[in-house]
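Below is one structure; the comments refer to it alone.
Each reported figure results from applying straightforward, stated rules to the coordinates on display, with no laboratory input. Remember, predicted model here, so these are calculated numbers, not experimental data. Quick reminder, even Gly has a Cβ in these numbers, built from the backbone with ideal geometry, and neighbours come from all protein chains shown.
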Amino acid sequence: MDLESLHRLGKLGKPWGHHGELTVHLDDLGPEDLNHTGTFFVDIDGQHVPFSYSKLYEKGQHVLVKFDDFDDPQAAQILVDCDLYAPPGHFSDASDESWDPDEFIGMLVKDEEHGELGEVIAIEGTPKNPVMVILHGEHEVMVPLVEEMIVDLDMEDRAMTIRTPEGLVDLYRNS
């Protein structure tokens, strides 16, 4: 992941409740400005570590995030006081335009479940809904280019790991 393209959002605060949620102290924006599911990057000892989250919401005066990897406050405690970053394309109003879909052409795509899918040969769709065309053997696989599906993105090595919805890749394998 190109660390310079990450946007600092604020800091993680203390755990909240019994399910591993953490309070979030956002710098200059509110939770309504961000996608409510996806991946944030947390600065742990100088390393930007990606964490998937399933909820970002307001509870009273607090903003809370529920990371998928933590189910209790003791486990989530390791992230307290860490800086929080968002990847490109993470803002809900699409005001973050540092993500140029054409940058993905030529990138090698791997799916978590299905392994290597192939190389992105084109971007189709619309600017708000880009779709990657991936050459998978002799077939083309079309996958929406949405931040929520990206598990890992390495612009330097031109590689991406994604998590596709169940049945999407199989749809193309059976054609």
Report task. Ratio to report: Rg/Rh of the chain, with Cα atoms as the point set and Rh obtained by the Kirkwood method; give two decimals. Result -> 1.00
**Report entry** Segment R163-R8, length gained on full extension (0.36 nm per residue, minus Cα span)
**Finding:** 53.4 nm
Report summary line: Whole-Hz Karplus couplings 3J(HN,Hα) for region 137-146, θ = phi - 60° and coefficients 6.51, -1.76, 1.60, Gly and Pro as x, run x, 9, 10, 9, 10, 9, 10, x, 8, 10
Requested in this report: Considering the options H25, V141, G46, tell which one lies farthest towards the positive end of the dipole of the chain, charges being +1 on Lys and Arg and -1 on Asp and Glu at the Cβ, about the Cα centre.
Outcome: H25
Query - Label-to-label distance, nm, for residues given as H114 and D83 (7 Å Cα→Cβ offset) - result: 3.7
**Report entry** Rotationally averaged projected area of region 3-86 (alpha carbon convex hull; nm²)
**Finding:** 5.0
Requested in this report: Would you please calculate the Kirkwood hydrodynamic radius of region 101-173 over all C-alpha pairs and express it in Å, rounded to one decimal?
Outcome: 12.0
Requested in this report: Please give every one of the aspartates and glutamates within straight-line cross-link reach of K55, meaning a C-alpha to C-alpha distance under 17 Å, and leave out same-chain neighbours fewer than 8 residues apart.
Outcome: E21, E32, D33, D68, D69, D71, D72, E147, E148
Requested in this report: Treat each spin label as a single point 7 Å out from the Cα along the C-beta direction, and report the D152 to T126 distance in nm.
Outcome: 3.4
Query - Average Cα contact separation per residue, the chain, under 8 Å, 6 or more apart, as relative contact order % - result: 20
Query - Efficiency of FRET between M142 and H19 - r from beta-carbon atoms, R0 30 angstrom, step 0.05 - result: 0.25
